[in-house]
Amino acid sequence: MLAITTVVASIVVSCNSKIGEADALDLSKTPTQRTFDVFAVQTQNGRVAMRLESELMEHFDTDSASYDTFPNGISVFGYTEDGLLESIIVADEARHTVPKDRARDEIWSAFGNVILHNVIEQETMETDTIYWDQAKKEVYTDCYVKMYSRQGFLQGFGMRSDDHVRNSILYRPFDGYGLVVQDTTAVIIDSVNFIGPFPKK
């Protein structure tokens, strides 16, 4: 009989220990969901408007907002109304925040080696942090930005653009250069969206 009593006491102590560990969890720092090999597509009028890819997505909930993090990097691809790939945004890390009171807009933010590339305009920007306001359809940053294009090179602090990386405006520019003379007979081929015959090997 003594042996049975000992076993019951052991079970009670074990359960109490596990309950204590659960109470100690900080749910704001513990993901409630983890998704691997994320592939998401956003459509508009039956056409692909945007595509998102990431190795890992973690979902968190707090009292004020819910948010998804992409700790292993993210790639976002934007398409024109004709279905052509227009923009590519890649970053080492990203976060999507949705306020629960809905008084504020959803915000995407990306950090670390952020590259924004407009395939059609052949324009590339590099920065450390970028924000995307879905409601305003605007991407922006106040960080240092390098911009490469067919017209030359620019750098500055702060940038605003639409979410397809068209018509980018660079703020506080310095030490840039432009290409004054260009070959007007040069043929620019969009190798990403090019459809046609390929040379035989």
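The values are calculated or read from the model by the stated rules, or taken from the named source; none is laboratory data. Because the structure is a prediction, the values reported are computed rather than measured. Note that we place each Cβ from the backbone using ideal geometry, even for glycine, and neighbour counts take in every protein chain shown.
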Region 121-131: number of residues that are modelled with pLDDT of 90 or more and more than 16 Å from residue 171 (Cβ to Cβ): 1
Enumeration of residues in region 86-100 that are within 8 Å of the chain's Cα centre (by Cα) and of a type in the set (D, E, K, R): 93, 95
The listed residue being within 16 Å of the chain's Cα centre (by Cα), in contact (Cβ under 8 Å) with a residue 24 or more places away in the chain and more than 21 Å from residue 161 (Cα to Cα), out of 63, 37, 68: 68
Candidates 144, 177, 171, filtered to the one that is more than 20 Å from the chain's Cα centre (by Cα), at pLDDT 85 or above, surrounded by fewer than 18 Cβ atoms within 10 Å (Cβ to Cβ) and not hydrophobic (A, V, I, L, M, F, W, C): 171
Residue satisfying condition, being surrounded by fewer than 15 Cβ atoms within 10 Å (Cβ to Cβ) and either touching a Leu at 6+ places or on another chain (Cβ under 8 Å) or of a type in the set (A, V, I, L, M) (or both), within set 110, 40, 49: 40
Set 119, 139: member being within 30 Å of residue 32 (Cα to Cα) and crowded, with 19+ Cβ neighbours inside 10 Å: 139
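Which residue out of 160, 166, 150, 172 is touching a Gly at 6+ places or on another chain (Cβ under 7 Å) and of a type in the set (Lys, Arg)?
Selected residue: 172, the only one of 160, 166, 150, 172 that is touching a Gly at 6+ places or on another chain (Cβ under 7 Å) and of a type in the set (Lys, Arg).
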Strands (runs of 3 or more DSSP E) fully within region 92-174 counting 2 or more residues that are free of Cβ contacts under 8 Å to residues at least 24 places away in the same chain and over 20 Å from residue 72 (Cβ atoms): 138-149, 152-162
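For region 150-162, does any single residue satisfy the condition of being closer than 25 Å to residue 40 by Cα and either buried (at least 19 other Cβ atoms within 10 Å of the Cβ) or modelled with pLDDT under 90 (or both)?
The answer is yes, given that some residue of region 150-162 is closer than 25 Å to residue 40 by Cα and either buried (at least 19 other Cβ atoms within 10 Å of the Cβ) or modelled with pLDDT under 90 (or both).
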Among the residues listed as 71, 99, the single one being modelled with pLDDT of 90 or more, over 23 Å from residue 155 (Cα atoms) and either out of contact with any strand residue (DSSP E or B) (no Cβ under 7 Å at 6 or more places or on another chain) or surrounded by fewer than 19 Cβ atoms within 10 Å (Cβ to Cβ) (or both): 71
